[in-house]
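Asks: Would you mind keeping the following structure in view while I ask a few things?
The values are calculated or read from the model by the stated rules, or taken from the named source; none is laboratory data. Because the structure is predicted, anything quoted here is derived from the model rather than measured. Neighbour counts run over all protein chains shown; Cβ positions are idealised from the backbone, glycine included. Calculation scope for accessible area: heavy atoms of the full protein, side chains included, ligands and nucleic acids excluded. Shrake-Rupley method; radii C 1.70, N 1.55, O 1.52, S 1.80 Å.
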Amino acid sequence: IKSMKVVILAGGFGTRISEESYLKPKPMIEIGEKPILWHIMKIYSYYGYNEFIICLGYKSHMIKEFFADYYLHTSDVTFDLSKNEMEVHNNYSEPWKVTLVDTGLNTMTGGRIKRIKDYLPDDEPFMLTYGDGVSDVNLNKLYNFHKKNKKLATITAVNLAGRFGVLKIDETETINKFSEKTKEDGGWINGGFMILEKEAIDYITDDTTVFEKDPLENLATNGQLMAYKHHGFWKCMDTKRDHDALEKLWQEDNAPWYLWK
């Protein structure tokens, strides 16, 4: 359903990439002079998903200002200062509808999702991802996979050597156990790019709920969590090193997530 809403979690502090995040929220850190948030939105837009709900927190005004000035940033303009007039010349604009919701400064990921519940239609699933990860995941295939399996939640699983939590996935792609950050090497991890039925929000208690803990663990326990295995490119901008690697790919015109070329 192309009208499906895309929820992006963009409220965290981004402390591990503190070189820049004390100045701006992590999703506003730039790759190729555009915030990583913009890159993520372009990925969804490429597949025809253009309605976004962005969960704000830390330095939320900077994200609001980015969209308020978007037209200005992407166009050539003439300012006639004597008349206080502005003329926009090439008004290229995205087909986006963006709802920016302040979900609290210290609210956890689950709490942020719960707070935007009223912005979601009742009768359809919604997309959900983090404001710091890019991928060349095929969102149409992801959607078809979710629809076919008829579970409450599907996450895109990516294979990474022991950096985050490891998922136990059985042969039917159902996640039996969701555990964050174990010491094992290898294994599939939650790469974001999720699809949730609205009912999944009922698994979230309040602002203090970390979505990756109880909600996903309980969805897994109830057999309601599917893994869409993505074998292509995925990278999360956790550290300055990650950022530099993404920037390098972009500058070399070798960015796998740049689908809208």
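Asks: Quick check, is Lys42 open to solvent by 20 Å² or more (accessible area, probe 1.4 Å), out of contact with any Gly (no Cβ under 7 Å at 6 or more places or on another chain), at pLDDT 95 or above and over 29 Å from Glu252 (Cβ atoms)?
Replies: Criteria not met by Lys42.
Asks: Are any residues in segment 146-164 open to solvent by 80 Å² or more (accessible area, probe 1.4 Å) and at pLDDT 95 or above, and if so, which ones?
Replies: Scanning segment 146-164 gives Lys147, Lys148, Lys150.
Asks: Just the residues that are open to solvent by 70 Å² or more (accessible area, probe 1.4 Å), part of a loop (DSSP other than H, G, I, E, B) and among the polar types (S, T, N, Q), please, taken from segment 190-226.
Replies: Selection gives Thr205, Thr208, Asn222.
Asks: Would it be correct to say that Leu167 is under 20 Å from the mean Cα position of the chain (by Cα), modelled with pLDDT under 85 and not β-branched (Val, Ile, Thr)? First the steps, then the outcome.
Replies: Values: under 20 Å from the mean Cα position of the chain (by Cα): yes; modelled with pLDDT under 85: yes; not β-branched (Val, Ile, Thr): yes.
The answer is yes for Leu167.
Asks: Tell me whether segment 237-248 contains one or more residues that are basic (Lys, Arg) and under 19 Å from Ala153 (Cα atoms).
Replies: No; the residues of segment 237-248 include none that is basic (Lys, Arg) and under 19 Å from Ala153 (Cα atoms).
Asks: Please count how many residues of segment 202-261 are among the hydroxyl-bearing types (Ser, Thr, Tyr) and closer than 19 Å to Arg115 by Cα. Lay out the reasoning, then the answer.
Replies: Initially, segment 202-261 is screened for residues among the hydroxyl-bearing types (Ser, Thr, Tyr), giving 203, 205, 208-209, 221, 228, 239, 258.
Now narrow it down to the ones that are closer than 19 Å to Arg115 by Cα: 203, 205, 208-209.
Total meeting the criteria: 4.
Asks: Continuing with this model, one more query. Considering each residue of segment 239-261, count those that are open to solvent by less than 60 Å² (accessible area, probe 1.4 Å) and farther than 20 Å from Tyr47 by Cα, and give that number.
Replies: Number satisfying all stated conditions: 8.
Asks: Okay, next question. Yes or no: Lys2 touching a residue at least 24 places away in the same chain (Cβ under 8 Å), open to solvent by 30 Å² or more (accessible area, probe 1.4 Å), under 23 Å from Gln251 (Cα atoms) and in a loop (DSSP other than H, G, I, E, B)?
Replies: The answer is no for Lys2.
Asks: Also: Let me confirm something: among Tyr143, Tyr47, which residue is aromatic (Phe, Trp, Tyr), touching a residue at least 24 places away in the same chain (Cβ under 8 Å) and touching a helix residue (DSSP H, G or I) at 6+ places or on another chain (Cβ under 6 Å)?
Replies: That would be Tyr47, the only listed residue that is aromatic (Phe, Trp, Tyr), touching a residue at least 24 places away in the same chain (Cβ under 8 Å) and touching a helix residue (DSSP H, G or I) at 6+ places or on another chain (Cβ under 6 Å).
Asks: Which members of segment 53-62 meet the condition of being in contact with a helix residue (DSSP H, G or I) (Cβ under 6 Å, 6 or more places away or on another chain) and crowded, with 22+ Cβ neighbours inside 10 Å?
Replies: Matches in segment 53-62: Cys55, Leu56.
Asks: Another question, then. Can you tell me which residues in segment 79-95 are open to solvent by less than 70 Å² (accessible area, probe 1.4 Å) and part of a strand (DSSP E or B)?
Replies: Matches in segment 79-95: Asp80, Val88.
Asks: Taking segment 102-115, which residues are aliphatic (A, V, I, L, M) and crowded, with 18+ Cβ neighbours inside 10 Å?
Replies: Met108, Ile113
Asks: Follow-up question, since we're still on this one. Could you say whether any residue in segment 123-131 is surrounded by 13 or more Cβ atoms within 10 Å (Cβ to Cβ) and touching a His at 6+ places or on another chain (Cβ under 9 Å)?
Replies: Going residue by residue through segment 123-131, those that are surrounded by 13 or more Cβ atoms within 10 Å (Cβ to Cβ) are 125-131.
Then drop every residue that is not touching a His at 6+ places or on another chain (Cβ under 9 Å), which leaves 125.
Yes: one or more hits.
Asks: For Ile40, are the conditions met, namely being in contact (Cβ under 8 Å) with a residue 60 or more places away in the chain, part of a strand (DSSP E or B) and closer than 27 Å to Met194 by Cα?
Replies: no
Asks: Failed condition for Ala68, given (1) loosely packed, with under 14 Cβ neighbours inside 10 Å; (2) modelled with pLDDT of 95 or more, with all others met?
Replies: (2)
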